[in-house]
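The values are calculated or read from the model by the stated rules, or taken from the named source; none is laboratory data. These figures come from a predicted structure and were not determined experimentally. Cβ placement follows ideal geometry from the backbone for every residue including glycine, while neighbour counts extend to all protein chains displayed. Ligands, DNA and RNA are excluded from the accessible area calculation, which covers all protein heavy atoms including side chains. Shrake-Rupley method; radii C 1.70, N 1.55, O 1.52, S 1.80 Å.
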Amino acid sequence: MTEAELLDILRQALWTALIISTPILAVALVVGLAIGLVQALTSVQEMTLTFVPKLAAILVVFWATMSFSGHTLVVFYQDEIIPLIIGR
């Protein structure tokens, strides 16, 4: 394996990780901003008010995107990693 091939696999792995994590991170950002706005408007500064809704939203999005994430990882491994292991 050359250095170029290794860097290409690493680039594809990072891109796959970005694609898989984007929906979860986007929802965490939006929910965090919405809760921060509510806290600023009401002057309620409770820590559990930010943690629990954000965790619930992340779990819902994770559950909703599990099949997409699993399929993306399987395709990456079948197309990139397994051929490297068996030497194609």
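Among residues that are within 14 Å of the chain's Cα centre (by Cα), in a helix (DSSP H, G or I) and not acidic (Asp, Glu), Val52 is not included. Looking across segment 43-88, just one residue is under 22 Å from Asp8 (Cβ atoms) and either among the basic types (Lys, Arg) or touching a strand residue (DSSP E or B) at 6+ places or on another chain (Cβ under 9 Å) (or both), and that is Arg88. Residues in segment 41-76 that are β-branched (Val, Ile, Thr) and either touching a Pro at 6+ places or on another chain (Cβ under 6 Å) or at pLDDT 90 or above (or both): 8 in all. Here Trp15 fulfils each of the conditions (1) at pLDDT 95 or above; (2) over 21 Å from Gln78 (Cα atoms); (3) open to solvent by 90 Å² or more (accessible area, probe 1.4 Å) apart from (2).
Residues that are polar (S, T, N, Q) and under 26 Å from Ile81 (Cα atoms) within segment 12-67 comprise Gln12, Thr16, Ser21, Thr22, Thr65, Ser67, listed in sequence order.
The rows are residues; the columns are (1) within 30 Å of Met1 (Cβ to Cβ); (2) out of contact with any helix residue (DSSP H, G or I) (no Cβ under 9 Å at 6 or more places or on another chain); (3) of a type in the set (Val, Ile, Thr).
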residue	(1), (2), (3)
Ala17	yes, yes, no
Ile24	no, no, yes
Val31	no, no, yes
Met66	no, yes, no
Leu73	yes, no, no
Ile85	yes, yes, yes
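Gln45 - would you say it is of a type outside the set (Lys, Arg), without any contact (Cβ under 8 Å) to a residue 12 or more places away in the chain and surrounded by 14 or more Cβ atoms within 10 Å (Cβ to Cβ)? No.
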